[in-house]
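One structure below.
The values are calculated or read from the model by the stated rules, or taken from the named source; none is laboratory data. Computed from a predicted model, the values in this text were never measured in an experiment. Cβ placement follows ideal geometry from the backbone for every residue including glycine, while neighbour counts extend to all protein chains displayed. The protein model used for the area step is the full one, side chains on, heavy atoms only, and it has no ligands, DNA or RNA in it. Shrake-Rupley method; radii C 1.70, N 1.55, O 1.52, S 1.80 Å.
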Amino acid sequence: MNALRTCLTTLALVSAGGASFGATAGTAGTNDLTIVTAGRSEAVIVVSPEAGPNEAQGAADLAKYVEMMSGVRPAVANAREAISGALKGKGAKLVLGEEALRLKPGLKKRLAAILKKEPHLRTDGIVLLREGDRVYLAGNNDLAHYFAASELLRRWGCRWYLPTKFGECVPVERDLKVGKLDYVHSSPFEIRSYWISWNGDRTGAEDFRKRNMMSGRGSLPPTGHALGKYTRGLSKGTFHFPITDPATARHVADLVDKKYAAGENFSLGMEDGSYDSDYPKDKKLMKLQWDKYYLRWSVTDPMLELYNNLAAILRKRHPESQAKIGFLAYANMTIPPVRDMTSEPNLFCELAPIDIDPIHGMDDPRSPPRQEYREMLYKWAKVMKGRLCIYDYDQGMLVWRDLPNPSHMAFRQDVKHYLKAGILGVNTESRNATATTFLNLHLRARLLWNPEADVDALLDEFYPKFYGPAAEPMRKYWTTIYDAWENTIVTEHEYFVVPAIYTAEVVETLRARLVEAEASVRPLKNAEQALDRLEDQYLRRVEWTRMSFEIIDSYVSMAAAAATKCDFAAAVRTGEKALAIRERMTDLNGIFTTYRRIGERGYAWFPGEVKQYRELLPFTDGSKGKLVAKLPLEWAVRRDPERIGLKAGFHRKPVDLGYWKKRGPEYVLDERKDYPVDQWETLRTDLYAQAQGVLHPDRQSFTGDLWYRTELELTAEQVAGPIHLRFPGLFNECRLYLGGEEVAFRKQGKMWWLNDYRFEWDVDLTDKLVAGENDLVLRCNVEHHFGGMFRRPFLYRPVKKE
């Protein structure tokens, strides 16, 4: 067993880059510079006594990780006498930061040649150069000095995939060398950042950012919600005031005058909501474009005019001030202005596309919304003359279920457009919920540092480094997840999309690959001798992946039990199982989830969904009601984009499924968008319509009326007495018809997320159903994204209270 364990570990290390035999930074040759060999080292890390905090940490981390790799900690010379002695010595010198620039002045010129010209905020570049027994590691600022040290460690095989030691991959190396090394690089992006909101776990985040070359926001002015305190009292409320009235610009300018005069950066970002106005010019400008994402007139033209007006006032008053004013392009100000506008030079914008398909890339033909966003990006970049940052939303920000939600497939497309548009960069809002995001932040960081980075190559090296002997089955496991997300037609977000992506086939594939992975590391677990550092990490990571899978499996089973089978008892059991596993995962490391810190109140959250099933159960188990019948899982459906169905009698005339029965199988999921709108078809009631392929021919999300129809055969015993129809999962404003007559109306907010997240509708059909055949019709007014039913409806008889 020990021999097998040794063989497995050795194979894993070799596949990760020959780590057990030695690593060379740069091109290996016959004159490599030895840093460590066979447990010995004469190398010295040289850093200035006046080093900045990041530069000093870079020296400390070089020593730390060299020791972790080789068992030998090189000395650090950070006093003038020690530096003088080290430079005269025979051993290798790793000269970091300002000391490298002092000893090798030509490095400054090399850095200057690659740095971004005339940056708005900052620019970061690094140089790594070996000359004889010296290795110079430097950047153009304190943080970039750290990046240079991190780059050398990367070249020796170190990786930081997730915050904390759990995501740290540091190989075991007998020898560490530097070969031919001459490297300079500067990121084209000034902002490469993520921040943790909603009280997410910040453990290890600062070091993770630096080790992955993330810059932070730097001197980008704040852009958060702030405008309301300056417009208070101008009219009807926070979201309703005369936007382009010159008096408004003067009023706000007066309130921020002292800040601007003092050179202080500040935000005038819009509040978290949609704006409106009765001011004549505002009304005229708003009518220039309809915002289909927020289902109201766009406020961009008047708001940008307000920002320009007050920014111009402040510039005229204080021409010497270097203050920057930040604002958000958000909510119904996301779409760029219609007019040919240019922002004042003291304005900086963050574009926050909060509800535009977070799954696909801008070049993906399956997502018209992302292609529209691409055009928004270029227009905003032009308006702002490059002073634009993307306020991105990490997938962990969605009201999610701690299931993996990868984003690198889209981001590697998008980053090329960010580069081409010449914007400042990306600032991601995250909850640091790494069970959901996993490698997202790491891969975003690598692409923002170098948009030409090969993501496939980065993944190829990830699996052996992270999983060791389980690398190959884990590659197949995660590739299955990545493919499921990348190839989906779904453009919506939040937990309703889970059954369309984590299908039964996907779950079973993951199960099989995980079993293979566990078998691969089992010899490590069963060995008699103590585990080494890497072996322990491999085991813990496979165990974590098992927890992640069990949450996936349990959640998918819960959703199917409730949505497909109306088995709410089973849904509660599997939901509680998933929540219990999530507790164990969080005990392992707080970065995996964030629910303990943020709280999960209401039906939108995971415990709230389980609570909803717990509350539905009594309506079927005899406590509050007795199950009379589950309605059919498949209903006939007619698309009605022009909303002519009522006049055409879709609720009364016979349903003709002849075309569907004959030609329906030809319309596979990706082609169902082309199904004729003048023909009936069938849809399942356990998944919303768009996820089943109901789209417009141009792939836009279907909007219009959806007419669901089914024939319900009931006995006299079933219809006797009080009886209710419960829709446990239903989007949209709806009307219910029975026998061709409207019997109920359900009001619902147009924006799906502005509802209670239970999405239920209970209809009293007492004395309306008949013994025999009942023609039931549901008309759904689909105005935005999700359409139709996503949980199977059922009939129940209320139990009288005693």
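For the pair Asn450 and Asp767, a Förster radius of 51 Å applied to the C-beta separation gives a FRET efficiency near 0.15, rounded to the nearest 0.05.
Backbone amide hydrogens, once placed in the peptide plane, bring Ala25 within less than 5 Å of Lys177, Val178, Gly179, excluding anything fewer than 5 places away on its chain. Here the label points at Lys624 and Ala247, each 7 Å from Cα along the C-beta direction, are separated by 5.3 nm in the simple model. What is the distance in Å between the Cα centroid of segment 720-794 and that of segment 403-419? One Cα centre to the other: 38 Å.
One chain, two ends: Glu206 and Ala28. Fully extended at 0.36 nm per residue, the span grows by 60.8 nm beyond their Cα-Cα distance. Suppose R0 equals 35 Å; then what is the FRET efficiency for Arg339 and Asp272 from their Cβ-Cβ distance, rounded to the nearest 0.05? Working from the Cβ atoms, E equals 0.85.
Estimated from helices alone, the mean residue ellipticity of the chain at 222 nm is -11500 deg cm²/dmol (sum of -39500 (n - 2.57) over DSSP H runs with n ≥ 4, per residue).
3J(HN,Hα) along segment 642-650: 8, 6, 9, x, 5, 5, 7, x, 4 Hz, from the Karplus curve 6.51 cos²θ - 1.76 cosθ + 1.60 with θ = phi - 60°, whole Hz, x for Gly and Pro. Extension gain for Asp363-Glu600 works out to 81.8 nm (0.36 nm per residue, less the C-alpha to C-alpha distance). Near Lys104: Cβ cut-off under 13 Å, other residues only, Lys/Arg at +1 and Asp/Glu at -1. The net charge is +3.
In this structure the amide hydrogen of Val743, modeled in the peptide plane, comes within under 5 Å of the amide hydrogens of Leu736, Tyr737, Leu738, none closer than 5 places in sequence on its chain.
Think of the chain as a dipole: +1 on every Lys or Arg Cβ, -1 on every Asp or Glu Cβ, centred on the Cα centre; then among Ser430, Gly739, Gly645, Ser430 lies furthest on the positive end. Residues Tyr757, Tyr477, ordered by accessible area of protein heavy atoms at a 1.4 angstrom probe radius and largest first, appear as Tyr757, Tyr477. Evaluating 6.51 cos²θ - 1.76 cosθ + 1.60 at θ = phi - 60° for every residue in segment 375-385, the Karplus couplings come out as 5, 4, 4, 5, 5, 5, 4, 5, 4, 8, 6 Hz, glycine and proline recorded as x.
Couplings 3J(HN,Hα) of segment 593-599, computed from phi: 9, 9, 5, 5, 8, 8, x Hz, in residue order, whole Hz [Karplus 6.51 cos²θ - 1.76 cosθ + 1.60, θ = phi - 60°; x for Gly and Pro]. Remark: the chain carries 38 Å² of accessible area per residue (probe radius 1.4 Å; ligands, DNA and RNA excluded).
Under the convention that each Lys and Arg Cβ holds +1 and each Asp and Glu Cβ holds -1, the size of the dipole of the chain around its Cα centre is about 1420 debye. Across the accessible surface of the chain, with the other protein chains kept in place and a 1.4 Å probe, carbon and sulfur atoms take up 51 percent. Database remark: amide H of Ala138 closer than 5 angstrom to the amide H of Gly97, Val127 (H placed geometrically; neighbours at sequence offset of 5 or more, or on other chains; Pro and chain starts carry no H). Electrostatic bookkeeping for Ser321 treats Lys and Arg as +1 and Asp and Glu as -1; over the other residues with beta carbon under 13 Å from its beta carbon, the sum is +2. Restricting attention to segment 232-342, lysine pairs at least eight places apart or on different chains and with alpha-carbon atoms under 22 angstrom apart total 12.
Counting every alpha-carbon pair across segment 367-510, the share separated by more than 21 Å comes to 49%.
Among 728-737, 379-388, the peptide with the highest mean count of other Cβ atoms within 10 Å heads the list, and the full ranking is 728-737, 379-388.
Step through the table entries Lys116/Lys420; Lys565/Lys624; Lys416/Lys476; Lys647/Lys747; Lys626/Lys801, compare each Cα-Cα distance with 23 Å, and write down the pairs that go over it. Over 23 Å Cα-Cα: Lys416/Lys476. Spin-label model, Asp483 to Glu733: label points 7 Å out along the Cα-to-beta-carbon direction sit 4.4 nm apart. Near Leu129: Cβ cut-off under 9 Å, other residues only, Lys/Arg at +1 and Asp/Glu at -1. The net charge is +2. Spin-label model, Asp678 to Lys236: label points 7 Å out along the Cα-to-beta-carbon direction sit 4.4 nm apart. Surface listing: His240, His251, His225 arranged by accessible area from highest to lowest gives His225, His251, His240, probe 1.4 Å. The equivalent ellipsoid that matches the C-alpha gyration tensor of segment 301-383 spans semi-axes of 30, 11, 10 angstrom, in descending order. Quote the FRET efficiency, to the nearest 0.05, computed for Ala312 versus Tyr659 with a Förster distance R0 of 45 Å and r equal to the Cβ-Cβ distance. Efficiency for this residue pair is about 0.15.
Here the gap between Lys284 and Glu472, fully extended at 0.36 nm per residue and compared with their Cα-Cα distance, gives a gain of 61.6 nm. Farthest toward the dipole's positive end in the chain, which of Ser367, Ala312, Val172, given Cβ charges of +1 (Lys, Arg) and -1 (Asp, Glu) about the Cα centre? With unit charges placed on the Cβ atoms, the residue in question is Ala312. Each Lys and Arg Cβ is given +1 and each Asp and Glu Cβ -1; about its Cα centre, segment 353-506 then shows a dipole of about 580 debye.
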